[in-house]
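Notes follow the structure.
The values are calculated or read from the model by the stated rules, or taken from the named source; none is laboratory data. Everything numeric here is computed off the predicted structure, so don't read it as measured data. Backbone-built Cβ (ideal geometry, glycine too); neighbour counts: all protein chains shown. For accessibility, only protein heavy atoms count, side chains too; no ligands or nucleic acids. Shrake-Rupley method; radii C 1.70, N 1.55, O 1.52, S 1.80 Å.
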Amino acid sequence: MIPTAPENIFARLRPLMAPHGVLAIYGPFKTDAGFLSASDEKFDASLRQRRPGGEAFGLRNRDEVVRIAERHGWILKERIDMPMGNVILVFGLVGGENGSRAKL
């Protein structure tokens, strides 16, 4: 994922979403506290090595993705833990149906 992708996704999809629509993002993430597993850290390093200037690539910080979403009028509605350390983050528009926040 290119470095500006999270910002672009939330900014550009907002005007296109139905009031009660959702956006689901799937994958491995790290957090403000760091990597969730040693395998995630190795995967992150491999992603960064694949591209020249790859420092900006790699696993996204889940907490930062949520902050970016909130700046663009989205709210995290649900976090679903998946196998192999992956996560589904489900976002909705602020003020949409079931606007309660999920716990990270």
Handout entry: Hits in the range 18-42 - residues which are exposed (fewer than 14 other Cβ atoms within 10 Å of the Cβ) and either among the basic types (K, R) or assigned to a helix (DSSP H, G or I) (or both)
Key = A38, S39, K42
Handout entry: Which numbered condition D81 misses (of (1) under 17 Å from the mean Cα position of the chain (by Cα); (2) free of Cβ contacts under 8 Å to residues at least 12 places away in the same chain; (3) open to solvent by less than 80 Å² (accessible area, probe 1.4 Å))
Key = (3)
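Being open to solvent by less than 90 Å² (accessible area, probe 1.4 Å), of a type in the set (A, V, I, L, M, F, W, C), assigned to a strand (DSSP E or B) and in contact (Cβ under 8 Å) with a residue 12 or more places away in the chain, is that true of even one residue in the range 50-68? Break it down stepwise before answering.
Taking the range 50-68 and keeping what is open to solvent by less than 90 Å² (accessible area, probe 1.4 Å), we get 53-54, 56-66, 68.
Subsequent filtering for residues that are of a type in the set (A, V, I, L, M, F, W, C) retains 56-57, 59, 65-66, 68.
Now drop any that are not assigned to a strand (DSSP E or B), which leaves none.
No, the range 50-68 has no match at all.
Would you check which residues across the range 28-39 are under 15 Å from the mean Cα position of the chain (by Cα) and either in contact (Cβ under 8 Å) with a residue 12 or more places away in the chain or closer than 22 Å to T4 by Cβ (or both) and list them?
At the first step, the residues of the range 28-39 found to be under 15 Å from the mean Cα position of the chain (by Cα) are 28-32, 34-36.
Matches in the range 28-39: P28, F29, K30, T31, D32, F35, L36.
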Completion exercise
Restricting attention to the range 1-17, the residues that are without any contact (Cβ under 8 Å) to a residue 24 or more places away in the chain and open to solvent by less than 50 Å² (accessible area, probe 1.4 Å) number exactly 1
Practice task
Restrict the check to the range 4-13 and report whether at least one residue is of a type in the set (G, A, S) and not in a loop (DSSP other than H, G, I, E, B).
Solution key: yes
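Taking the condition in contact with a helix residue (DSSP H, G or I) (Cβ under 8 Å, 6 or more places away or on another chain), in a loop (DSSP other than H, G, I, E, B) and surrounded by 12 or more Cβ atoms within 10 Å (Cβ to Cβ), does L47 pass?
In short, no.
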